[in-house]
1. Return the distance in nm (one decimal) between the two label points of a simple spin-label model at K261 and I37, each offset 7 Å from Cα along Cα→Cβ.
2. Hey, got a sec? Which GluC sites (Glu not before Pro) in the range 209-268 land in a DSSP loop and have at most 15 other Cβ atoms within 10 Å?
3. What is the calculated FRET efficiency for D274 to F44, with r their C-beta to C-beta distance and R₀ = 35 Å, to the nearest 0.05?
4. Can you pull the Rg over Rh of the range 31-185, Cα-only, Kirkwood?
5. I need the semi-axes of the equivalent ellipsoid of the range 24-69: take the C-alpha gyration tensor, multiply each eigenvalue by 5, square-root it, list largest first in whole angstrom.
6. With r defined as the distance between the Cβ atoms of H195 and S227 and R0 fixed at 30 Å, what FRET efficiency is calculated, to the nearest 0.05?
7. Once you order the gyration tensor axes a ≥ b ≥ c over the Cα atoms, which shape class does the range 194-300 get: rounded for a/c under 1.5, otherwise prolate or oblate by comparing a/b with b/c?
8. Return the inverse of the average 1/r over all pairs of distinct C-alpha atoms in the chain, which is the Kirkwood hydrodynamic radius, in Å to one decimal.
Amino acid sequence: MFDTFVIVDWSAAGTPKTGRDSIWICAVDRNGSERLIKNPRTRFAAKNLLGGLLSDAAARGERVLLGFDFPFGYPAGFAQRLGLVATPPWRAVWDEIAAHLTDQENNQNDRFELAAEFNRRVSNASFPFWGCPVRFTHEFLGPKHHGRHEAEGLAEKRLIDCWMVGAQPCWKLAYTGSVGSQSLTGIPVVRELRHHPDWSDRARIWPFETGLGLPEAQIVFAEVWPSWWRREIRPEYGPPNDTAQVRSVAAIFAAQNRAGKLAGWFAGDPSLTDEQRHAVETEEAWTLGVIAPRRPRVTLSPPSRAERALRWGLPERSLLPTSQRVALGPHALP
């Protein structure tokens with residue numbers, strides 16, 4: 001199905017950075033053998049590295065799957081609230097971000113200013129984006145969660161984010177798990193790579209340009225979330241954990257490809273309604289590999305006295321404190 005699998009752990013860092021919490025890229029072939037593991041210092045360097053990979057693959061006629069660990073879409077209705085009338089909504093949002101984000105070769109960028117402007121256009125207040133450094137102050141972007149999603153009628157999370165336990169909202173721009181900043185800085189890069197003239201006719205964004213199903217394109221870009229496979233991440237592939245994640249997930253995709261099971265992952269959750277599928281394919285996107293919701297673990301409360309009595313075959317009243325058994329008398333409990 002695919003010849004090369006590339007997994008990218010993105011970063012919205014404002015300065016050149018390597019090591020933990022920076023960009024890591026791993027590419028493996030269909031057999032799971034690593035072709036490269038790189039840690040570019042900037043997004044500009046990462047884009048050039050990925051462009052080189054795609055150029056080589058296109059020249060060899062290979063099929064490539066590239067997975068990026070940030071949301072490709074926003075909750076349904078965002079494009080409309082921004083005042084974008086072009087269709088489909090996802091493309092209008094991507095074009096708007098790419099047109100207005102300034103991201104320099106040294107990683108300096110204005111993502112917080114852009115988010116503040118989007119907030120102004122959506123609500124004329126600090127909604128829906130939130131989270132920023134202490135030094136950043138702006139009328140339309142605050143450091144803390146605003147708690148206004150229900151009142152404003154724009155969801156905090158996409159449907160896929162509700163399927164995945166622990167997924168962060170794309171509006172969150174700072175602090176742990178700030179995928180919002182990664183999306184604002186990552187979407188323009190994916191957009192530029194997808195439209196490169198040397199392979200644009202053979203490249204597609206899943207599921208926006210392909211629908212929920214197996215793409216026929218030679219080059220496929222998709223959203224991934226390494227934490228979905230957290231129990232299968234091999235710590236010996238690190239440190240840091242970022243390295244272990246991209247190496248492990250690339251190997252997982254290659255193994256699924258060899259087993260003939262990857263096509264099912266592109267279908268998403270088969271239980272999605274028509275309305276949900278439409279939102280996924282036109283606005284919200286989906287995370288590759290998620291085919292059913294993962295629910296939080298339920299912490300069971302200690303058994304009640306009655307439950308313990310039944311379990312041990314004892315009269316229920318025998319598990320009451322002695323004082324209560326005496327006070328209630330022999331006929332107080334059945």
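Any read-out appearing in this document is the output of simple, stated calculations on the displayed coordinates, not a laboratory observation. Note that the structure is a prediction, hence the values are computed from the model and not measured. Cβ: placed from backbone, ideal geometry, glycine included. Neighbour counts: every protein chain shown.
1. About 2.3 nm, to one decimal.
2. Answer by residue number: E216.
3. Between D274 and F44 the formula returns 0.25.
4. Using Cα coordinates only, the ratio equals 1.01.
5. They are 18, 13, 9 Å, listed largest first.
6. 0.55
7. Oblate, since a/c reaches 1.5 and b/c is not below a/b.
8. Hydrodynamic radius (Kirkwood, Cα only) of the chain equals 21.9 Å.
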